[in-house]
Structures are given as C-alpha cells and as structure tokens.
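Undergrad: Structure incoming, see below.
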Amino acid sequence: MKDIRLMKGNEAIAEGAIRAGCDGYFGYPITPQSEVMEYLFANKIKERTGMIVLQAESEIASIHMVYGGAACGKRVMTSSSSPGISLMQEGISFMAGTELPCLLLNVVRGGPGLGTIQPSQSDYFQTVKGGGHGDYKMIVLAPASVQEMYDFAKLGFELAFKHRIQVMVLSDGAIGQMMEKVELDEQVPRWTDAEIKAMSPWATTGKTPDRERNIITSLDLNPVKQEIININLQKKFKHIQETEVRFERIQCDDAEYLFVAYGSSARICQKAVLLGRERGIKVGLLRPITLFPYPSDELAKLAKQVKGMLSVEMSAGQMVEDVRLSVNGAVPVEHYGRLGGIMPAPDEVLNVLEQNFIKEKTYEPHTN
Amino acid sequence: MTEEIIIAGFGGQGVLSMGKILAYAGMMQNKEVSWFPSYGPEMRGGTANVTVIISDERISSPILNKFDTAIILNQQSMDKFENSVKKGGVLIYDPNGITRHPVRTDINIYTIDAADEAAKLGLAKVFNMLVLGGFLKLKPLIEPEYMRKGLEKSLPLRHHNSIPENEKAIERGKEIIKAQLVLS
Amino acid sequence: MSHIPTRDEVIEPENLVYSRTCLLTDNALSYCPGCGHGTAHRLIMEVIEEMNLQADTIGVAPVGCSVLAYDFMNIDMQQAAHGRAPAVATGIKRLHPEKFVFTYQGDGDLAAIGTGETIHVCNRGENITVFFVNNGIYGMTGGQMAPTTLPGMKTATSPFGRDVETMGHPLKITELVAQLPGTYFVSRQSVHTPANVRKAKKAIEKAIQYQKLNKGLCFVEIVSNCNSGWKMTPLESNKWMEENMFPYYPLGDIKVPK
C-alpha cells in the first residue's frame, strides 16, 4: 500500500532527504523553514538511518560543516531562508570552486534586509545568477507543490553527485508552510564507505597507500591553471544546460497568451489559466522547474505561437529578464509581481494579462 | 467538485487544527487537499487563518482571494473576509463577540453559537469541532467514517481518547447551526 | 662538469641519526626562512606517522600563510574558507567519528574572523584537535595587525604601534577556550629551540592521543615568530619573541585532564 501523508513542504523535504539516504544536515533556525531541522530531530533519524543532524552556531558555520561533510563524499544538506542564505554565500562559492555536491534549500522570504517572513521570490538573481563571488552556477530546482519538495530532495542529491555540483531547491514560505498530500517512496540506504570510495574517488577519506593524497581546495595561485579550472567549470555548466532542463507545460498547446511562472506563483497562474479559459481566453502556463538550466529553448518555441507572455513572480522583475533573453524580442514580454511578502491572487494576474495584451491599455505598461 | 474554504479567527480558537482535521479527512476520502496557514508572529495571540481546499481534481492555487465558504470566528476576520466570499457562497460565523454583523445580501449567511454551546458542555476545546459540524451540515463533503480517520490522523496518539467527544461535538454542531439569510 | 655527490654518497647509512618523516612531501616549503611553521608541520606529521594514522587522518588547512599546508602534508586535506576550519572539521568529524581530524590555523584565522567558529567548536566539545600557530601578525597579507598583536607592536595597520585604546587588546583566546567545558586538553608551546621542540612534540602527541578517547576538543597553541612581518632576522625574532611574546602568552599546559 502506498504511504501517503499530509505534510508541510518543510517537513516533506526533510523526509525526502532522509529517504534519499542523506548522511548529514547542518542548519540554523530561521522562519519560515525551521520545521526542516525540527522534523529531523523529532524523527530520531540517528536511530532510523544513522543520519546526523546538528544545530550550528550560525548559517556561516552550517554551510562550512556541509563543505566538510561533502568533501568526504557524503550526502549532506542545509536549509535556510533569505537572510541566512546571504550569509552562506561564502561557503557556496567555496563549494562551487571545489565542485562539492550538496543539497541546499532556500525557503524565500521578502527582503531586502530582515524584510518579512512572508513568501517572496526575490532571491532569483542571488540563486540563479550566482550570489557568491566568482563565475559559477548551481542547479536550481523550483518546487511548486509539497510533493515536489519531497521529490526534489532525492532528485537534488542525484543531480549533485552526477555533476559534482551544488543543487539549490528554491522554495518560498507558501510552499514551505502549506500542507498537501505526499506520496512517499522506499528508503534509499545510506552509502557505505566502500561505495563512497568507488563513487567519489576524489573525496578525503584518509590517504591509503594505493592512491595519492586527496586535496579539496579552490586555490590556485597560478592564473594560467586557474583559467583552465574556470573553463572546465563553464563546460560543465554548458553540459548541464544541454541535458538537465526541466519544465511543465499547462494548456500550452493552443495558447495565444502565456504565463511564465515558477514555484507558488505557478500555482496561482495555474488557477488563472482556468479562470481565463472560463472567460474564453486561450491562455497557458509554462512552469520552469529548473531555473538553472533555464527552459530558454521551450520559451523560444512558444514565442512563435503566442501573442504575449506575462512573467509572474513575487519580485520586482527578476526572472522576466531570462524570459526576455529567451524570446529575444520575438514577442512582447511583461512582468507582474507583488513585493514584500504579498502574494498575487489568480484573478489579479489574469486581469493584468488581459490589460497588457487583450484589452486596450488604460495605463502605462511596466517598464522593468 | 472543488470547495475553497477560509477559516479565520483568533490564535487559540483551533482555527488551524480545524482546517487540518478537515484536510486530513478529505485526504483519507481520497480527495486532493491543500492547507495553507497564516504563519509567523501574527499567529501568536493575534489572528490566525487557514485556506483549505478540497477537490476531486489536482488543486491549482492554494492561495486565493475568493472563497466558496468563509468560517469567521472574530470581528477582525469578519472585517477582512466578508467581501472575500464568492457571490452565492456561504458565510458561517459565531455571533459571540461580533459587534458588526455581515451586511451582504448576495451570499448565504449562517450563525452557530458554538462558544455558548461549548461553555454549556463544559468542553471549551470542542468549540472548533462544533463549528466544523455546522460547516459539514451545509457542505457534506466528507463522510463521517472519514472524519473519524481525519481525527485519528491529525490528533497525536495521546489525544485519541478525546476522539468520541470530538465526534459528538461535530454531530451537535450540525444541530445548532442556524440560517440567517438563504438565497433562493 | 664535476660530479655533485648525492646524499647517499655523503652520508653513510650507519651515521644517519634523523630522517624526514615520509608524511612531508618533497615540495619546497613556501614559508620564509626562519619561520616556525615548517617545524610545526614537521612535528605534527611525525606524530601522525609514528602513530600510524595516515590513512585515518583528515586535516583542514586555513587561510593565511599555511593555506598551502596541503602541499607539504602527505595526507588527505581540505582547505577551508578564512576562519571556518573548525566548522569544516565539525562536518568531517560528525560524519567520520572514527577518523583523526585536525585543523591547522593562524591567529587571524582562528582568533579574528573565525572567533565564532572557534568558540563554538570548543564549546560543543567536538572530538577534533586544533593546532593554533600564533605569531601576532597577518603574515600572508603583508604584516597587518592581528588579534594577538602585542600592545605597542608596529604592523602595517598599526604603523605607530598597537594602541589598545582604539585597537583593542591582544586576545588570549587559548586561555578563553580553556574555560569552556568542551575542551579536554589545552596547551601553549613554542618550537624555537630544540628543548621547546621536544616539549611541543609531547603536547602534540597528547592532543592526538586524547582525540581517540572522545573526551572533547584538544587545543595546542604554538607561539611562533614572523621574522619577515616583524622585520627582524630570524635570530632577532626569536629573541624578541622570548622577551615580549612569552610574558603575554606564557608557555605550558593550561588545561590538563584530571
């Protein structure tokens, strides 16, 4: 019989990580994602799978604990919310430089600064364009349901180890706090030391006579070598762009107008598509599931079909830049967003779509 | 079938747990459900609300501004959500503590004296189950056996001995809900 | 060209009284001649070799002069961000409790930018060993003031001497961590004379041995010189260290197991 539970998004990703064979979680409390660590402690994971959970003294310490564990070839993770993720950028950049696999979760809240604890999507640039120093990218997964919060723990670890890269699950307070049905799958066993050695021969597991010592470092004082390291990183990112794009098409086949939205905004737009169809508007939704790699090719294809695209996100207009780059002027692209923790309503975004592309404009278009 | 519900009142009235029991029961009856709470410091002693959606289809937006049913348990929530009920929808409220009653004439309005009834029963904590019973009388979405399963799932094991009194309160709620305005 | 004799031709094996530990690589040390880091590296690697721990050791290098410690230590190593070595080591040790895990950090790394990580790794009593080389200055970045710079001491960012009124006091972080219940063995040593080298080696041995007991964190400070940063000859710097550093940072065990 299927194991089906009603869970919060934050609990679902914690359970997903346990069942994906996660070895360690290091974190620091911050609203609206503290349930992740609370769930791990409450579920006695040490007894259940041997997984370690530790409350660190700061987000900075958390991410560097993740670094230490990841450099040993273990499946490790942390989670936080916007201000905490800002603190982690140092460690994320070091992990990018050392190509360490890990799972990260940002349950985004409104900013800047301490901002609000309510849902927001204003960390898109930070996450997708690289929040830390240096030329790097992470794989970014954007769950739009509690089930995806659960699923993306396992998927995240798979992608992280497949490409030796950091995978960020970019969620928000709404997905983190709401409860939905989740279908759980079988427990994946944690890797043994022998499996880790076979799978990650680069990991620091103690120098044995059969191999040279393993060193995890992002430092090379020779710029010629450092450039080669960077070129190889870029090749990896290009390969990921070519092979790992994920998206969902909702009523796109006959669409004349298109919403582009991820995460909880995509859920709102999904309802707006239903309302729009009731009003006789042929509207669809393209939901990027990976934000890096971005579904640019799919948007370019849809640009030949639709008359206008409305990018909806709870920000002042961040993802819209990628939509515009994807369609490259082929079709008008507008942005609609609410800020500071306010979520738009389905009829609200539908009205904006109508006003932008269908009715005669009665107000100045958005210019960002 | 899709039922979109907002439940709103004070923190401590059992608003979130009422929604949770309803969502669990819906899930046990093999329906799609979502439960989206207000969260954070505003919950601590202030107002609390939760959006519950029960549907036969995949749920689109868990966040809404219009509802089929609003269950309103304090004045602030009345002020905030009276206008969020869809035309022809349902508003249920407990008049206890309400100083400004609803004025809309395009929705169905019901009252339930749940606070008084809970006091009479000497069981303050079944207040929310009385209200839930009232709702289920109007919208019999969930069969009683699944309500029981919902209670079993959402209440911690140590509170399972209170399930019978919760069930009784749900039944009592069905009896005491009163129509104030019913559209023909 | 005349023949250059090899080491084996010069030294008869029966006369050999000392050889370098195989846990140091053949890479030329990047440290300035006269610096104490080389000796500190050698002692730690000697002890790991003598205890047969190479396959069980994971070391963490800091940011600072010893950022390249992994070039010289023939063991698996990770290089940590500035000050974060104790957090990195925590991540390793929690997932590999059976391994020997150590950090090697300078004063800027451990007692300034990494103070939070240092205090909390000690307070949690992580079963790791911290080697702390304190030379009272930022060597790698070019001789700026460190948290452990002495009052009146001239550096690139205290060119008229450290003024404690505006720049704060030298931080005795070793005494501070000794107060925490999570630390098991805390000692301060130096490596500037053969006698001190022998004492330091004893302390390093204890700090490594105690880690196996899982009793808490072991912390060994090595007060060292920075002849380049102090703008002295190596001999002058050692003399200056004895006369100025040791009175403020007295050598000896600070916390020993009961």
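Undergrad: Here is a list of conditions, (1) out of contact with any Lys or Arg (no Cβ under 8 Å at 6 or more places or on another chain); (2) among the hydrophobic types (A, V, I, L, M, F, W, C); (3) surrounded by fewer than 18 Cβ atoms within 10 Å (Cβ to Cβ), and A:Ala330 meets all of them except one; can you say which number that is?
TA: All conditions pass for A:Ala330, except number (1).
Undergrad: Let me ask you something else. Would you check if A:Leu100 is part of a loop (DSSP other than H, G, I, E, B), at pLDDT 95 or above and not assigned by TED's automatic domain parsing to the domain that holds A:Val320? Spell out the reasoning first.
TA: Values: part of a loop (DSSP other than H, G, I, E, B): yes; at pLDDT 95 or above: yes; not assigned by TED's automatic domain parsing to the domain that holds A:Val320: yes.
When the stated conditions are applied, A:Leu100 passes them.
Undergrad: For region B:99-117, name all the residues that are surrounded by 15 or more Cβ atoms within 10 Å (Cβ to Cβ) and touching a residue at least 24 places away in the same chain (Cβ under 8 Å).
TA: B:Pro102, B:Ile107, B:Asn108, B:Ile109, B:Tyr110, B:Thr111, B:Ile112, B:Asp113, B:Ala114, B:Glu117
Undergrad: Also, quick follow-up: Could you list all residues from region A:243-254 that are acidic (Asp, Glu) and either free of Cβ contacts under 8 Å to residues at least 12 places away in the same chain or closer than 15 Å to A:Ile165 by Cα (or both)? Let's see the steps before the verdict.
TA: We begin by selecting, within region A:243-254, every residue acidic (Asp, Glu); these are A:244, A:248, A:253-254.
Across region A:243-254, the qualifying residue is only A:Glu244.
Undergrad: Does region C:236-247 include one or more residues that are surrounded by 23 or more Cβ atoms within 10 Å (Cβ to Cβ) and in contact with an Asp or Glu (Cβ under 9 Å, 6 or more places away or on another chain)? Break it down into steps so the answer makes sense when it comes.
TA: Of all residues in region C:236-247, those surrounded by 23 or more Cβ atoms within 10 Å (Cβ to Cβ) come to C:237, C:241, C:245.
Still in the running and in contact with an Asp or Glu (Cβ under 9 Å, 6 or more places away or on another chain): none.
Within region C:236-247 (the criterion being surrounded by 23 or more Cβ atoms within 10 Å (Cβ to Cβ) and in contact with an Asp or Glu (Cβ under 9 Å, 6 or more places away or on another chain)), the answer is no, since none of the residues qualifies.
Undergrad: I would also like to ask the following. The conditions are (1) over 25 Å from A:Gly341 (Cβ atoms); (2) out of contact with any strand residue (DSSP E or B) (no Cβ under 8 Å at 6 or more places or on another chain), and B:Tyr39 fails exactly one of them. Which is it?
TA: That leaves (1) as the condition not met.
Undergrad: Filter region A:87-114 for residues that are under 17 Å from A:Gly263 (Cβ atoms) and of a type in the set (Gly, Ala, Ser) and give the result.
TA: A:Gly110, A:Gly111
Undergrad: Which residues, counting only those in region C:95-122, are away from every other protein chain (no Cβ under 13 Å) and hydrophobic (A, V, I, L, M, F, W, C)?
TA: If the condition is that a residue be away from every other protein chain (no Cβ under 13 Å) and hydrophobic (A, V, I, L, M, F, W, C), then C:Leu110, C:Ala111, C:Ala112 are the ones that fit.
Undergrad: Looking only at residues in region A:155-209 that are assigned to a helix (DSSP H, G or I) and among the β-branched types (Val, Ile, Thr), which one is nearest to B:Pro37 (Cα to Cα)?
TA: Restricting attention to region A:155-209, the residues satisfying the condition of being assigned to a helix (DSSP H, G or I) are A:155-163, A:173-177, A:193-199.
Then keep just the ones that are among the β-branched types (Val, Ile, Thr); that gives A:175, A:196.
Details: A:Ile175: 11, A:Ile196: 41 Å.
Result: A:Ile175.
Undergrad: May I pose another question? For region A:211-229, how many residues are facing chain C (nearest Cβ under 10 Å) and not small (Gly, Ala, Ser)? Spell out the reasoning first.
TA: Step one: list which residues in region A:211-229 are facing chain C (nearest Cβ under 10 Å), which gives A:211-219, A:221.
Checking which are not small (Gly, Ala, Ser) leaves us with A:211-217, A:219, A:221.
Qualifying residue count for the region: 9.
Undergrad: On to the next question. So, of the residues in region C:177-193 that are β-branched (Val, Ile, Thr) and in a strand (DSSP E or B), which turns out to be surrounded by the fewest Cβ atoms within 10 Å (Cβ to Cβ)? Write out each step before concluding.
TA: Going through region C:177-193, the residues β-branched (Val, Ile, Thr) turn out to be C:177, C:183, C:186, C:191, C:193.
Applying the additional criterion that residues be in a strand (DSSP E or B) yields C:183, C:186.
Details: C:Thr183: 23, C:Val186: 26.
Across region C:177-193, the extreme among qualifying residues is C:Thr183.
Undergrad: Also: Going through region C:153-170 one residue at a time, which ones are surrounded by fewer than 11 Cβ atoms within 10 Å (Cβ to Cβ) and of a type outside the set (Phe, Trp, Tyr)? Spell out how you get there, then give the answer.
TA: Going residue by residue through region C:153-170, those that are surrounded by fewer than 11 Cβ atoms within 10 Å (Cβ to Cβ) are C:159-160, C:165-166.
Matches in region C:153-170: C:Pro159, C:Glu165, C:Thr166.
Undergrad: List pairs: first in region A:63-74 and facing another protein chain (nearest Cβ under 7 Å) and under 17 Å from C:Gly59 (Cβ atoms), second assigned to a helix (DSSP H, G or I) and hydroxyl-bearing (Ser, Thr, Tyr), Cβ under 8 Å, 6+ apart or cross-chain?
TA: Within 8 Å, the pairs are A:Met65/C:Thr90; A:Tyr67/A:Thr98; A:Gly68/C:Thr90; A:Ala71/A:Thr98.
Undergrad: Ok, one more. Criterion first (surrounded by fewer than 19 Cβ atoms within 10 Å (Cβ to Cβ), in a loop (DSSP other than H, G, I, E, B) and within 14 Å of chain A (Cβ to nearest Cβ)) does C:Gly125 satisfy it?
TA: On the way: surrounded by fewer than 19 Cβ atoms within 10 Å (Cβ to Cβ): yes; in a loop (DSSP other than H, G, I, E, B): yes; within 14 Å of chain A (Cβ to nearest Cβ): yes.
Yes.
Undergrad: Against the definition (within 8 Å of chain A (Cβ to nearest Cβ) and either within 21 Å of C:Met140 (Cβ to Cβ) or not in a loop (DSSP other than H, G, I, E, B) (or both)), how does C:Leu68 come out, yes or no?
TA: Details: within 8 Å of chain A (Cβ to nearest Cβ): yes; either within 21 Å of C:Met140 (Cβ to Cβ) or not in a loop (DSSP other than H, G, I, E, B) (or both): yes.
Judged against the criteria, C:Leu68 is a match.
Undergrad: I'm trying to understand the selection: among the residues of region C:29-57, which are more than 30 Å from C:Pro97 (Cβ to Cβ) and away from chain A (no Cβ under 14 Å)?
TA: Within region C:29-57, C:Leu29, C:Tyr31, C:Cys32, C:Pro33, C:Gly34, C:Cys35, C:Gly36, C:Gly38, C:Thr39 qualify.
Undergrad: Among the candidates B:Ile5, B:Ile59, B:Ile21, which residue alone is under 24 Å from A:Gln147 (Cα atoms) and assigned to a loop (DSSP other than H, G, I, E, B)? So that I can check it myself, show each step before the final result.
TA: Details: B:Ile5 fails: assigned to a loop (DSSP other than H, G, I, E, B); B:Ile21 fails: assigned to a loop (DSSP other than H, G, I, E, B).
Just a single option satisfies the conditions, and that option is B:Ile59.
The values are calculated or read from the model by the stated rules, or taken from the named source; none is laboratory data. Computed from a predicted structure; not experimentally measured. Quick reminder, even Gly has a Cβ in these numbers, built from the backbone with ideal geometry, and neighbours come from all protein chains shown.
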